[in-house]
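Structure, as structure tokens:
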């Protein structure tokens, strides 16, 4: 009987791993269908230990940002972006833009490049990939939170880290 239980557990663990890999592949395909790499990307692995080296711009709407954001991120927005925080910034300042998956941030990143900023990177997979890789997000008081605004129910399926609470 113990052998059967061990085999069943191994099969279950294997099935979960296969599903997780498929979901990650599906998420990558979704991202790649929305962005055209007009702004160079930076991965979570490349950014996670270097956040202090970048000006991080949150391109999501205010409600999304207020739910949670990357540490020290500056809210810019998308529909009516507020670029006043960029006045006086050296155009060679390393900048990372992010949103939910990377589409909106790529569009704002394009605008930054068109306006002479030379060192702009789009966070690949954006905040969803950030939390999917167990990176922290912060609330308005700069306290770590487990809440992430997932834009809407449809998009929330791409945030697969069950340690985080989906808000939309």
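Sort 85, 126 so that the residue with the fewest other Cβ atoms within 10 Å of its own Cβ comes first and the one with the most comes last.
With the fewest neighbours first, 85, 126 line up as 85, 126.
Gain in length, residue 155 to residue 36, computed as 0.36 nm per residue apart minus the alpha-carbon separation, to one decimal in nm?
40.9 nm
Based only on Cα atoms, what Rg/Rh ratio does the chain have, Rh being taken as Kirkwood's radius?
Across the chain, the Cα-based Rg/Rh ratio is 1.06.
How much FRET efficiency would the formula 1/(1 + (r/R0)^6) give for residue 84 and residue 162, where r is the Cβ-Cβ distance and R0 is 25 Å, rounded to 0.05?
Efficiency at R0 = 25 Å is approximately 0.10.
Could you tell me how far the Cα centroid of segment 117-164 sits from the Cα centroid of segment 38-88, in Å?
If you average the Cα positions of each part, the centres end up 11 Å apart.
Fewest to most neighbouring Cβ within 10 Å: what's the order for 111, 60?
Arranged by neighbour count, lowest to highest, 111, 60 become 111, 60.
Under the definition of Cα pairs under 8 Å and six or more residues apart, what whole-number percent is the relative contact order of the chain?
Numbers: 264 pairs, mean separation 39.1, N = 168.
Contact order relative to length: 23 percent.
Residue 63 versus residue 140, label points 7 Å from Cα toward the beta carbon: distance in nm?
Rounded to a tenth, the inter-label distance reads 1.4 nm.
Could you line up 79, 30 from fewest to most neighbouring Cβ atoms inside 10 Å?
Details: 79 7, 30 18.
Fewest-to-most Cβ neighbours within 10 Å comes out as 79, 30.
Per q in 0.25 Å⁻¹, report the Debye log10 I(q)/I(0) for segment 76-168, using one uniform scatterer on each alpha carbon and no solvent.
The Debye formula, applied to the Cα set alone, gives -1.27.
Mind pulling the angle between the C-alpha long axis of helix 103-114 and the longest principal axis of the chain? Nearest 10 degrees, somewhere in 0 to 90.
Taking the Cα atoms of the chain, the angle to 103-114 is about 30 degrees.
With the chain treated as a Gaussian network of Cα nodes joined by springs under 10 Å, which of 139, 49, 32 yields the largest mean-square fluctuation?
Answer for the Gaussian network model of the chain: 49.
So, R0 is 30 Å and r is the distance between the beta-carbons of residue 50 and residue 28; what FRET efficiency does that work out to, to 0.05?
0.85
Rule-based calculations on the coordinates, nothing more; no lab input. All values reported here derive from a predicted model rather than from experimental measurement. We place every Cβ from the backbone using ideal geometry, glycine too, and count neighbours over all the protein chains shown.
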